[in-house]
1. Under the definition of Cα pairs under 8 Å and six or more residues apart, what whole-number percent is the relative contact order of the chain?
2. Solvent-accessible area per residue for the chain at a 1.4 Å probe radius, Å²?
3. What's the tally of Lys pairs in segment 180-274 whose alpha-carbon atoms lie under 19 angstrom apart, where the two lysines are 8 or more places apart or on different chains?
4. Note the full-extension length gain between residue 232 and residue 171 as 0.36 nm times their separation in residues minus their Cα-Cα distance, in nm to one decimal.
5. Subtract the Cα-Cα distance of residue 367 and residue 16 from 0.36 nm times their separation in residues, and report this length gain in nm to one decimal.
6. What is the distance in Å between the Cα centres of segment 184-202 and segment 379-442?
7. For the pair residue 411/residue 199, report the inter-label distance in nm, with labels modelled 7 Å from Cα in the Cβ direction.
8. Run down the lysines and flag those whose C-alpha is under 30 Å from the C-alpha of residue 506, throwing out any fewer than 8 positions away in its chain.
Amino acid sequence: MIVDTEKENICVNKIVQEKTENAVIEGDSIVPDVKPDVISVIKTCGNVCIYKKEIMDGKVRIDGSIDTYVMYITESETGMVRGLNTSIDFTHTIEMDRCTNDMNLELCCDLKSIDTKVLNGRKINIKANVEFSARVYQNKDEQVIKEIVGVTGIQKQNKILQINSLVGRGNTKINCKDNIAINENDKFAEILQANCYVLNKEFKTSYNKILVKAESVVKIMYLTEENTINNVEANIPVMGFIDIPNVSEDNMCDIQYNLKNMLIKPQSTDEHSIGIELEFDVDGSAYTTKDIEIVEDLYNPNYDIKYTTKKLETISDKNKCKQSVYLDEAINMLDTGCENIYNVEVTPTITNVNTINEKLIYEGEVNVNIIFQTNNVTGIDTKNVIIPFNAEIPIGKMNDNSKVNTSVEVKNKQENLNNGNMELKMELELLADTYKPVNLELIDSLEMEEYEDKSKYGMSIYFVKKGDTLWKIAKRFRTTVDEIVSANNIEDPNRINVGEQLFIPKTNSNKREKLA
């Protein structure tokens, strides 16, 4: 007969597949007729904008663009430095054979480097090396047996398991804008460099919503009509709500920001400002830590039990940690003829991560690119310096199955030129997201058939072997743990010794309890 069970519903979040790959996004740019020829490129910067991301059967497709700013040398009589803004559209596909179009995607895009080659005075080639990290999830409602209904005499071995159950997922679009004031004496000519970063990410949960807050830092280097180079910087608040029903203050959240569009437009001469419009695509997931009781094993002394099982894949021990690293470096600029610092761009990279004694041990480096005024013919030059760093984050216990996703951001940066040396102070923030995949085989349905006991003995003698437990012995002899404990006056049921003699009585339930 089929046995009735009481089941508990849980929403599990299964990580189906993760993949990180690099792609070279390439395009040519033609110099407009109103701009002078390109002799050589000083520096190219860019921002990755993602218009659309979607999961298809067996792959992930990403549509976007690289918004680039090229700062170059010319032979113009009115000034030797000019800027060129161009956008390179791309479609990139990541092959992920286990994903289907009903799953969820978490995507991170990181612009690692840009190389620019002058093809001729009116044409340049741009190659951007972008790292795409895709993580595909499957959210699924599962039922776990909580109780067996209407049957007496069943012996169960239960286990309490703590998992991270998904509360829900959501998305929001955030538009933000601002005007950056420039020096009122400057007559704006054109933008030379523009970078956008998202820092100080925070969230707060309340009223079925996640409030997401961050700062978008936009740094602009511009040229004036007097051929001077200046910098401005704006910190633009990014704030919005992600609707997720039943989210609470105790939930842990994953928030992912992707820049979708970026528009930088100089205002009229009288306004002395530069207009900035940004659009962000923000994904959010909320998790709760949930204890579930699962039936690991069961039997009935008087009935044969047949059961089917199903596999459950989810995650547990999810945790987020962060740690600040402070660097103070003196960079020698004496041999460069440096007279003034125009811009310092720092790009941190994690090169290696190890886990030792419940700590993540980081090795990394910071690529420092300095654009400065010099006394050479062009009046401008660049210098690159690599600064290594080491750091660690305490993360608690992990095992061989634990997974770690790490990232690093620049929180603060200050530079000061003094007596031919540039002192560079910066704060890096290391972020670690850890979790453990959990693979379970759960009892799904039960059937019972009456068992006919042909044994004539009321008591058996058994000598404990290696690997035995009272549960295993009781199940083998179709009795109960309690009856073995009682017959042998055992004080600690969790401790029996190899070679120990045990009396195994027939269970009292052999008087034939009937199925309810």
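The values are calculated or read from the model by the stated rules, or taken from the named source; none is laboratory data. Predicted model, so just to flag it, every value in this text is computed and none were measured. For neighbour counting, all protein chains shown are included, and Cβ atoms are generated from backbone atoms with ideal geometry for every residue, glycine included. Just the protein is used for accessible areas: all its heavy atoms, side chains included, with ligands, DNA and RNA removed. Shrake-Rupley method; radii C 1.70, N 1.55, O 1.52, S 1.80 Å.
1. 15
2. 52
3. Number of lysine pairs found: 10.
4. Extra length from residue 232 to residue 171 when fully extended: 18.8 nm.
5. Extending this stretch completely gives an extra 122.9 nm.
6. 24
7. 1.0
8. Of all the lysines, those that pass the test against residue 506 - Cα under 30 Å, at least 8 places apart if same chain - are 146, 156, 159, 306, 454, 456, 465, 466, 472, 475, 514.
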